[in-house]
């Protein structure tokens, strides 16, 4: 694939919530995670962390996440619960994502750690797309509770949880995304 074709592949990526099996194989998951750890990483903190939740455990995880969300005081209506369970019923892989906070690092402020984690997540999404999968970044499923990240091994005192990537084969083809023209978002600086 030429360089321009690779860029065109990235430009065609869009999030798709509705995915199904097959999901990525063990080798493909390893490749996705290798792409993640190529993200920019000021001072080589290696802060990214991932928790894999495979199809056979997703329904049990949904029980935990819905209950934890309710216990945290956030409303989960019966319709929201039904929609969440229906969505997750076909997802072959969820990846929980967090980064280890470098509390006393004066050289690398936390915003840079956050950006690095976002870049790692985007690398996974781009790599998944290039493998023929679709992905969806969800900050639901109890992401903003303490209980769900803790259940995945991320103590909220030491880790910042950023959500989940659902990855699988798209259930239906994606319509092209309506993107803004980059020119409308760009200026060129010149000295006065």
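Of all residues in segment 54-93, those satisfying the criterion of being under 23 Å from residue 172 (Cα atoms), touching a residue at least 24 places away in the same chain (Cβ under 8 Å) and not in a loop (DSSP other than H, G, I, E, B) are 54, 55, 58, 59, 84, 85, 87, 88, 93.
Looking at this structure, is residue 112 at pLDDT 90 or above, outside any loop (DSSP other than H, G, I, E, B) and farther than 21 Å from residue 49 by Cα? So residue 112 fails the test. Taking each residue of segment 121-147 that is on the phi > 0 side of the Ramachandran plot and in contact (Cβ under 8 Å) with a residue 40 or more places away in the chain and looking for partners that are part of a loop (DSSP other than H, G, I, E, B) and surrounded by fewer than 17 Cβ atoms within 10 Å (Cβ to Cβ) with beta-carbon atoms closer than 8 Å, six or more apart or interchain, yields 142/72. Screening 47, 67 for residues that are at pLDDT 95 or above and surrounded by 13 or more Cβ atoms within 10 Å (Cβ to Cβ) leaves exactly one candidate, 67. In this structure, residue 188 does not qualify as out of contact with any strand residue (DSSP E or B) (no Cβ under 8 Å at 6 or more places or on another chain), more than 27 Å from residue 85 (Cα to Cα), modelled with pLDDT of 90 or more and outside any loop (DSSP other than H, G, I, E, B). All conditions in (1) modelled with pLDDT of 95 or more; (2) in a helix (DSSP H, G or I) hold for residue 22, with the sole exception of (2). Within segment 75-87, the presence of a residue that is more than 20 Å from residue 14 (Cα to Cα), in contact with a strand residue (DSSP E or B) (Cβ under 9 Å, 6 or more places away or on another chain), modelled with pLDDT under 95 and surrounded by fewer than 16 Cβ atoms within 10 Å (Cβ to Cβ) is excluded. Within the bounds of segment 137-144, is there any residue that is touching a helix residue (DSSP H, G or I) at 6+ places or on another chain (Cβ under 8 Å), under 21 Å from residue 20 (Cβ atoms), surrounded by 16 or more Cβ atoms within 10 Å (Cβ to Cβ) and at pLDDT 95 or above? Yes, because at least one residue in segment 137-144 is touching a helix residue (DSSP H, G or I) at 6+ places or on another chain (Cβ under 8 Å), under 21 Å from residue 20 (Cβ atoms), surrounded by 16 or more Cβ atoms within 10 Å (Cβ to Cβ) and at pLDDT 95 or above. Checking 118, 168, 163, 96 one by one, the residue that is within 15 Å of the chain's Cα centre (by Cα), assigned to a helix (DSSP H, G or I), within 25 Å of residue 13 (Cα to Cα) and at pLDDT 95 or above is 118 and no other. Is it fair to say residue 105 is over 26 Å from residue 10 (Cα atoms) and surrounded by 12 or more Cβ atoms within 10 Å (Cβ to Cβ)? Yes; evaluated as a whole, the condition is true for this residue. Taking the criterion of being free of Cβ contacts under 8 Å to residues at least 60 places away in the same chain and not in a strand (DSSP E or B), the residues of segment 32-53 that qualify are 34, 44, 46.
Selection of segment 159-178 for residues being in contact (Cβ under 8 Å) with a residue 40 or more places away in the chain and surrounded by fewer than 10 Cβ atoms within 10 Å (Cβ to Cβ) yields 172, 176.
If I filter segment 148-158 for residues that are modelled with pLDDT of 95 or more, touching a helix residue (DSSP H, G or I) at 6+ places or on another chain (Cβ under 7 Å) and either surrounded by fewer than 16 Cβ atoms within 10 Å (Cβ to Cβ) or not in a strand (DSSP E or B) (or both), do I get at least one hit? Among the residues of segment 148-158, at least one is modelled with pLDDT of 95 or more, touching a helix residue (DSSP H, G or I) at 6+ places or on another chain (Cβ under 7 Å) and either surrounded by fewer than 16 Cβ atoms within 10 Å (Cβ to Cβ) or not in a strand (DSSP E or B) (or both), which makes the answer yes.
The values are calculated or read from the model by the stated rules, or taken from the named source; none is laboratory data. Quantities reported herein were computed from a predicted structural model and do not represent experimental measurements. Don't worry about glycine lacking a Cβ; one is built from the backbone with ideal geometry, like all the others, and counts go over all protein chains shown.
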